[in-house]
Amino acid sequence: LGAMQAMMASEALYFGAAAMDPATRDFFRWITFLVATPVVYYAGWPFLRGAWQQLRWRRPGMDLLVATSVLLAWGASTIETLRGGPHVYFDAAVMFVLFLLATREIEGAVRRRTLAAAALLARRQPATARVIEAAGDRTVDAASLAPGARVRVASGEVLPADGTLSSAEGAFDESLLSGESRPILRRAGDAVLAGSLCSAAAIEFTVTRAGPDTTLAQLARLALRAGASRPRIAALADRVAAGFVLVMLGLAALTAVAWLAIAPERALPAALAVLAVS
């Protein structure tokens, strides 16, 4: 919300500056300053804190680059506002924070969704199973099932283990495992999977894999691993970040020095552009 308001005021400064008297221009600048400051120091605090930690540990990373860009844009704009200079860049500072926080939120949402899927898979595993014995059915702990055991599953119940269907046929909802929304018809001898829902008549099957060896348990482990780990490209980015950040800060500084010699009024916009692209 703050970024949108700061950008609206900046739009007035960009497109209406020629028709504004200095008092009106300064009014818009101070309004933008008041809105942009909490965006930079409150919403942008994760980047500022991360940059400080990277400086303390002497391990420059992307937070340092982001914080430098944001603080440079905000600080230069504040100075220009105080002395009535020609340009302010509050919109650049708030856009850095807005878009980078948005990408972090998207990444966090994907990670949370992955972990929620893993938790759902883990909860789908039944705690008990109905084993068929000569003396009749006996309810046992699902974790104690062993290959070769015969299990009966009533309609509406979830299979506690992987196995081979013994009944003539059965319909199974495997949506949690495969995404297929319609029940799948299995016949005698077909493989059936733990976590699938028996959606028609009761069935019997022979256990082939139980406990941590089932397809359901393997999927849950994969989902947890995916939620807890980072892609290889992200790990590579972390390794090269320190050198990249130092190179980009150096390039921004060289750009500013070069433009100070050519056209001083363009030095800050040019340095900010380098940081924005980085």
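The values are calculated or read from the model by the stated rules, or taken from the named source; none is laboratory data. As the structure is a computational prediction, the values presented were derived from the model and not from experiment. When we count neighbours, we look across all protein chains shown, and the Cβ atoms used for this are built from the backbone with ideal geometry, even at glycine. With ligands, DNA and RNA removed, areas are computed over all heavy atoms of the protein, side chains included. Shrake-Rupley method; radii C 1.70, N 1.55, O 1.52, S 1.80 Å.
Largest to smallest in accessible area, the residues Ile203, Ile79 fall in the order Ile79, Ile203 (1.4 Å probe, all protein chains included). Entry comment: accessible area of region 190-278 is 56 Å² per residue, from protein heavy atoms only and a probe of 1.4 Å.
For region 166-180 versus region 247-278, the inter-centroid distance based on Cα atoms is 62 Å.
For the ranges 120-127, 28-35, what's the packing order if you count other beta-carbon atoms within 10 Å of each residue, average per peptide, and put the highest first?
Result, highest mean Cβ count within 10 Å first: 28-35, 120-127.
Applying the Karplus relation 6.51 cos²θ - 1.76 cosθ + 1.60 with θ = phi - 60° to region 266-277 yields 3J(HN,Hα) values of 9, 5, 5, x, 5, 5, 4, 4, 4, 5, 5, 5 Hz, where x marks Gly and Pro.
Placing dummy labels 7 Å off each Cα toward the beta-carbon, the span from Val277 to Ser175 is 5.0 nm.
Translational diffusion coefficient of region 1-140 at 20 °C, 1.002 mPa s, Stokes-Einstein with Kirkwood Rh over Cα pairs, in µm²/s as a whole number.
115 µm²/s
Per-residue extension of 0.36 nm, minus the Cα-Cα distance of Phe99 and Ala261, leaves a gain of 55.0 nm for this segment.
Most tightly packed first, judged by the mean number of other beta-carbon atoms within 10 Å of their residues, the peptides 155-168, 44-57 read 155-168, 44-57. Applying the Karplus relation 6.51 cos²θ - 1.76 cosθ + 1.60 with θ = phi - 60° to region 122-132 yields 3J(HN,Hα) values of 5, 6, 6, 5, x, 7, 10, 9, 9, 8, 8 Hz, where x marks Gly and Pro. Extension gain, Arg111 to Ala18: 0.36 nm times the residue separation minus the Cα-Cα distance gives 28.7 nm. With each label modelled as a point 7 angstrom along the Cα→C-beta vector, the Thr128-Glu11 pair spans 6.4 nm. Once C-alpha pairs closer than 8 Å and six or more residues apart are averaged by separation and normalised to the residue number of the chain, the relative contact order reads 16 percent. With contacts taken as Cα pairs under 8 Å at a separation of at least 6 residues, region 154-196 carries a relative contact order of 50 percent. Value of Rg to Rh for region 112-249, rounded to two decimals, is 1.21; Kirkwood radius and Rg both from alpha-carbon coordinates. Over the chain, with every protein chain in place, what whole percent of the accessible area is carbon and sulfur at 1.4 Å, could you tell me? Here it works out to 65 percent. Please give the calculated 222 nm ellipticity per residue for the chain, where each DSSP H segment of at least 4 residues contributes -39500 (n - 2.57) and the sum is spread over every residue; nearest 500 deg cm²/dmol? That calculation yields -19500 deg cm²/dmol at 222 nm. At full extension, Thr208 and Ala234 could sit 5.5 nm farther apart than now, given 0.36 nm per residue minus the alpha carbon distance. Distance between the modelled labels on Asp190 and His87, one decimal in nanometres: 6.8 nm (7 Å Cα→Cβ projection).
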